[in-house]
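Trainee: A single structure is presented below for examination.
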Amino acid sequence: MNLKKEFLQTTVKSSYESTITVDGAVFGFQDGELKLLLVKRALEPFKGSWMLPGGVMDEGQSLEEAINNVLFKLTGINDIHKEQVRCYSDVDRHPVKRVVTVSFYALIKPENHPVIPKNYVSEVKWFALDEIPQKLGFDHSIIWRDALELLKRNMQEKLLFGELLPAKFTLKELQDLYESILGETLDKRNFRKKITQLGLVKGTGKKKPGVKGGPELFKLKKKR
C-alpha cells in the first residue's frame, strides 16, 4: 500500500479538520507613541469588528511564508522585522470551525509603509494603545497583549528600536519610544546614562532641523 495512503487511513480523521492561521500584531511608532495596526473585517464572522491582520496558511506554505504574505499584502513591503509570539488552540476560539493560530509581532515605520485594505478588509487604521477597542474580533484582544508583553521583554535583549525610529533621532524620541512600549515613565538622566553605557547609539554631530538650538541627532551603531 502507498505509504501516504496508509498513513491517511490510519490517522484519526479529526486531525485533518483544523485550519492553521497566522495573525500579526503590527506595531509602529508615530507622533511620539507606540501604535497598533488594526483592520476592520468585511465578512462574517465578526463583520465590522476591528482585529489583527491575518490569514490562512496555505498548503505548501511555512508559517514564516504565511505571515510574510499577510504583511506584504497589507504594506507592499517584504522583509519586515517580526518575531513569533505563541500558538493559540482553544477549541472554541472560532465560532464556525476549529482554528489553530500562530501569532507574530512585526515592527514597521508607519510613514514608510502605507497600508492597503484588501480582500476581507474594509478599513485599516493605526491605534494608539490606549485607544484600541476593548473588544476585538475573535480572541485578538488577548493576542495583541501577549505580543506586547514579548516585545517588552525583547526590548531588554535585542536592538529593536531601530525598526521603529527614523535613521536619525533625538534621545528624547528614543526615550519616548521606550516609555510607550514599557508603559512607564523613565528618569531622563538614568535613561541617557544607560543608553550611553550600552553603546548602542552615537552622535551624528547634527542638530534636529527646524528647531533653533535643537537637540542633537543620534543614529544606531552598526552591529559588529
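The values are calculated or read from the model by the stated rules, or taken from the named source; none is laboratory data. The structure presented is a predicted model; accordingly, all values stated were derived computationally and were not measured. Note that each Cβ is placed from the backbone with ideal geometry, even for glycine, and that neighbours are counted across all protein chains shown.
Trainee: With respect to Glu173, determine if the residue is buried (at least 18 other Cβ atoms within 10 Å of the Cβ) and outside the structural domain of His81 (by the TED database). Talk me through it step by step, then tell me what you get.
Mentor: Values: buried (at least 18 other Cβ atoms within 10 Å of the Cβ): yes; outside the structural domain of His81 (by the TED database): yes.
Answer is yes for this residue.
Trainee: It is to be established whether one or more residues within region 138-155 are over 15 Å from the mean Cα position of the chain (by Cα) and either within 19 Å of Gly48 (Cα to Cα) or modelled with pLDDT of 95 or more (or both).
Mentor: Looking through region 138-155, at least one residue is over 15 Å from the mean Cα position of the chain (by Cα) and either within 19 Å of Gly48 (Cα to Cα) or modelled with pLDDT of 95 or more (or both).
Trainee: Let me ask another. Looking only at helices (runs of 4 or more DSSP H) that lie completely in region 109-213, which have at least 1 residues being under 29 Å from Lys47 (Cβ atoms) and among the hydrophobic types (A, V, I, L, M, F, W, C)?
Mentor: Working: elements: 140-155, 171-182, 188-198.
Filter on region 109-213 gives 140-155.
Trainee: Please count how many residues of region 54-63 are assigned to a loop (DSSP other than H, G, I, E, B) and at pLDDT 95 or above. Quick ask: steps written out before the conclusion?
Mentor: Start the filter on region 54-63 by keeping residues that are assigned to a loop (DSSP other than H, G, I, E, B), which leaves 57-62.
Within this subset, residues satisfying the condition of being at pLDDT 95 or above are 62.
Looking only at that region, the number is 1.
Trainee: Take the conditions surrounded by fewer than 17 Cβ atoms within 10 Å (Cβ to Cβ), outside the structural domain of Cys87 (by the TED database) and aliphatic (A, V, I, L, M) and apply them to Val211. Does it pass? Break it down into steps so the answer makes sense when it comes.
Mentor: Numbers: surrounded by fewer than 17 Cβ atoms within 10 Å (Cβ to Cβ): yes; outside the structural domain of Cys87 (by the TED database): yes; aliphatic (A, V, I, L, M): yes.
For Val211, the condition - surrounded by fewer than 17 Cβ atoms within 10 Å (Cβ to Cβ), outside the structural domain of Cys87 (by the TED database) and aliphatic (A, V, I, L, M) - is met.
Trainee: Would you please name the residue that is surrounded by the fewest Cβ atoms within 10 Å (Cβ to Cβ), looking only at residues in region 85-99 that are part of a strand (DSSP E or B) and not basic (Lys, Arg)? Spell out how you get there, then give the answer.
Mentor: Here is the first cut: in region 85-99, the residues part of a strand (DSSP E or B) are 85-88, 98-99.
Going one step further and asking which of them are not basic (Lys, Arg), we end up with 85, 87-88, 99.
Details: Val85: 21, Cys87: 11, Tyr88: 19, Val99: 18.
If we take residues in region 85-99 being part of a strand (DSSP E or B) and not basic (Lys, Arg), then Cys87 is surrounded by the fewest Cβ atoms within 10 Å (Cβ to Cβ).
Trainee: Could you please tell me which pairs satisfy a Cβ distance under 9 Å, a separation of 6+ or placement on different chains, a first residue in region 11-28 that is in a loop (DSSP other than H, G, I, E, B), and a second residue that is modelled with pLDDT under 90?
Mentor: Listed by first residue and then by second, the contacts come to Glu17/Lys97; Glu17/Arg98.
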